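Below is one structure; the comments refer to it alone.
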Amino acid sequence: MMKLVLLPLLFGSATSFAPTRPSLWTPTKLASTTADATFTSDGAKSQIGNNSFLNEDLMARAQKGPGKKNKEKLKIGIVGAGLAGMVAAMDLADAGHDIEMFEVRPYVGGKVSSWKDKDGNHIEMGLHVFFGCYYNLFGIMKRTGSFDTALRIKEHTHTFVNTGGRLGALDFRFPIGAPVSGLQAFARTEQLDLADKADNALRLAISPIVRALVDFDGGMDMVRELDDITFTEWFTALGGKRGSLDRMWDAIAYALGFLDCDSISARCMLTIFMLFAIRTEASVLRMLDGSPQTGLHDPIIKYLEDRNVKINLSTPVRDVVHDLDPKTGLPTRVRGIKVGPSESFREFDVVIAATDVPGIKKLLPATFRQYEFFDKIYNLDTVPIATVQVRFDGWVTELQDEKRMMDVSGDQSDGRGAGIDNLLYSVDTEFSCFADLALTSPGEYYKPGEGSLIQAVFDERAFKRSNEQLVEDCIKQLNDIFPSSRKLKCTWSSVVKLGQSLYREKPGQDKFRPKQATPIPNFFMAGSYTYQDYLDSMEGATRSGLMVANEIIDRADGPDGLKALSAKAKETDLFFVS
């Protein structure tokens, strides 16, 4: 009987293998690190650059899929079943490839994960809001059939809640769209006093956003050049004052990246405002009708399983098995991965690392850091967050009618409870953004006979406190901004801490973000921290998943394609044993 045996598995460690012959994947066949980092696929290119902000076809592309079926079938292993990995798997499965995924957690979703506790309560990793400019993610949801059923659109306002119950808002509801709707929202907001409004208007009037209205490329180029300074430095340089930062911009910065204006990159902040300025719908908010697992992930899982994608949960990847060039010692190709407690070897033509920042730092073998491309990733840092859920016996955000606030009788499902049905911001609490999920996402969060389920996200200012203290602080601060809620009682609470969440969008970080194609031809990367022209977010993760799929699909076929190179390598590496 004849069988095939892998040489390195017989004669030593499978982690790295330096052959005595010239490798078929030797670095002499690799371009420079910079060249390797460029995009070769038109689909990936459409997601970057100034045109990606104006590209109306992005949603249709995400909805319809890659539009191409490869002639060659690749066996592809994806490390990580977060949003980026699952989106990449959708496209690659539609292109005809054999996909297997490996997730360390017992559930999918990554930073967008949710799960049920033993009592049936839905627990979330964070507060997830869908901006109107999430064109790619909406396309994916249309593709899986969840867009029209799982999302609830909110009033086109961004509401701030201050101590004592005073409300302020950026009200974008206006007969004329962007940029007029945005300019009037900032001019009329009650969140700032007259002096701060004037200073704010002065700074915005000479910003790249205004230039972009007549010269979009020029405005965007200015934004990209502002990655090395903080938003505070940019804002105060030519007229902006501290009052606007303290009373409005800090809450927005914390909501975007869990950093204040003194710490967050000006590029990060101005990127989102550029979208708000040119797209009326960009600032419209949607929230899921229930949990991310039900509304977002389950439809994707069904889509993948219908295409024979295998998802291995609770299966950590222990090592990336790869070849080394005998002359340079540089990694030349990936053979596969070691998975699970037994570290069993799984061979793949292509491996995608679809992880977050801490995940990729743990996954990459030390030898990979010989490439500057991989080494610079270790400059990226992350921010910690704590998500607190607190349920009450009444409606916390109802400020006008105390009787209505206390009324939890009858059926108040489908968002019929009392209070504010929208994402909320505050500069007077340690949770910059929060929402009453029993109102905003009642499908699985409203409970008969119960009231509000407040979900609030604390940043690193409070992260190190005990769970009990965080719950106590959350309730106290809610009472400060909703004074009438002092009469309500907490009936249930939960705290989820994520020690390493989004990558820290401090100045100077954009240059460290890796692109999806790497110097190792059959090793790719995805995740919201990888390079794409959006923030570390659900939309950013979706973009990266689509981009890595495009890169692989466009490189799969042909005499120098991924399949051909894999086949040649296997012919050389394998021998027959009787």
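The values are calculated or read from the model by the stated rules, or taken from the named source; none is laboratory data. Since this is a predicted model, take the numbers as computed values, not measurements. Here Cβ is always computed from backbone atoms with ideal geometry, including for glycine, and neighbour counts include all displayed protein chains. With ligands, DNA and RNA removed, areas are computed over all heavy atoms of the protein, side chains included. Shrake-Rupley method; radii C 1.70, N 1.55, O 1.52, S 1.80 Å.
Numbers at a glance
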read-out: Potential extension, Glu233-Glu305 segment - 0.36 nm per residue separation minus Cα distance; value: 21.0 nm
read-out: Added length on full extension, which subtracts the Cα-Cα distance from 0.36 nm per residue, Lys118 to Asp407; value: 101.2 nm
read-out: Listed residue pairs exceeding 28 Å between alpha carbons, taken from Lys75/Lys361; Lys310/Lys511; Lys116/Lys142; value: Lys310/Lys511
read-out: Accessible-area composition of the range 219-368, carbon plus sulfur, in percent [1.4 Å probe]; value: 49 percent
read-out: Solvent-accessible area, 1.4 Å probe, carbon plus sulfur percent, for the range 384-503; value: 46 percent
read-out: Scaled radius of gyration (Cα, divided by 2.2 N^0.38 Å) that the range 384-503 gives; value: 1.02
read-out: At 1.567 mPa s and 4 °C, Stokes diffusion of the range 46-163 via Kirkwood alpha-carbon radius, µm² per second; value: 77 µm²/s
read-out: Solvent-accessible surface ranking, highest first, for Thr40, Thr530 at 1.4 angstrom; value: Thr40, Thr530
read-out: Two-site FRET efficiency, Ala205 against Glu343, from Cβ-Cβ distance with R₀ of 51 Å, rounded to 0.05; value: 0.25
read-out: Solvent-accessible heavy-atom area per residue, rounded to whole Å², over the chain at 1.4 Å; value: 38 Å²
read-out: Amide H within-cut-off set for Phe160, under 5 Å, with H built and near neighbours excluded; value: Gly168, Ala169, Leu170, Tyr425
read-out: Set Lys302/Lys376; Lys68/Lys376; Lys197/Lys403; Lys111/Lys376 screened for pairs whose C-alpha atoms are more than 29 Å apart; value: Lys302/Lys376; Lys68/Lys376; Lys197/Lys403
read-out: Cα→Cβ-extended label distance, 7 Å offset, between Asn55 and Glu468, nm; value: 5.3 nm
read-out: Calculated from backbone phi, Karplus (6.51, -1.76, 1.60) coupling profile of the range 541-554 in Hz, x at Gly/Pro; value: 4, 4, 4, 5, x, 5, 5, 5, 5, 4, 4, 6, 4, 6
read-out: Point-charge dipole on Cβ atoms (K/R +1, D/E -1) for the range 178-281, about Cα centre, debye to 20; value: 280 debye
read-out: Rounded to 10°, Cα long-axis angle of helix 562-573 versus longest principal axis of the chain; value: 40 degrees
read-out: In Hz, Karplus ³J(HN,Hα) per residue of the range 75-88 (6.51, -1.76, 1.60; θ = phi - 60°; x = Gly, Pro); value: 9, 10, x, 10, 8, x, 10, x, 4, 4, x, 5, 5, 4
read-out: Cβ-derived FRET efficiency at R0 22 Å, Ile176 paired with Lys64, nearest 0.05; value: 0.10
read-out: MRE, 222 nm, helices only [DSSP H, n ≥ 4, -39500 (n - 2.57), over the chain, to nearest 500]; value: -8500 deg cm²/dmol
read-out: Estimated vicinal HN-Hα couplings, Hz - the range 508-518 in sequence order (Karplus 6.51, -1.76, 1.60; Gly, Pro = x); value: x, 8, 4, 6, 8, 6, x, 7, 6, 8, 10
read-out: Exposure rank, largest accessible area first [Glu233, Glu398; 1.4 Å]; value: Glu233, Glu398
read-out: Exposure ranking of Ser291, Ser409 by accessible area [1.4 Å probe, largest first]; value: Ser409, Ser291
read-out: From the coordinates shown, volume of the Cα convex hull per residue in Å³ corresponds to which of (i) 145; (ii) 342; (iii) 155; value: (iii)
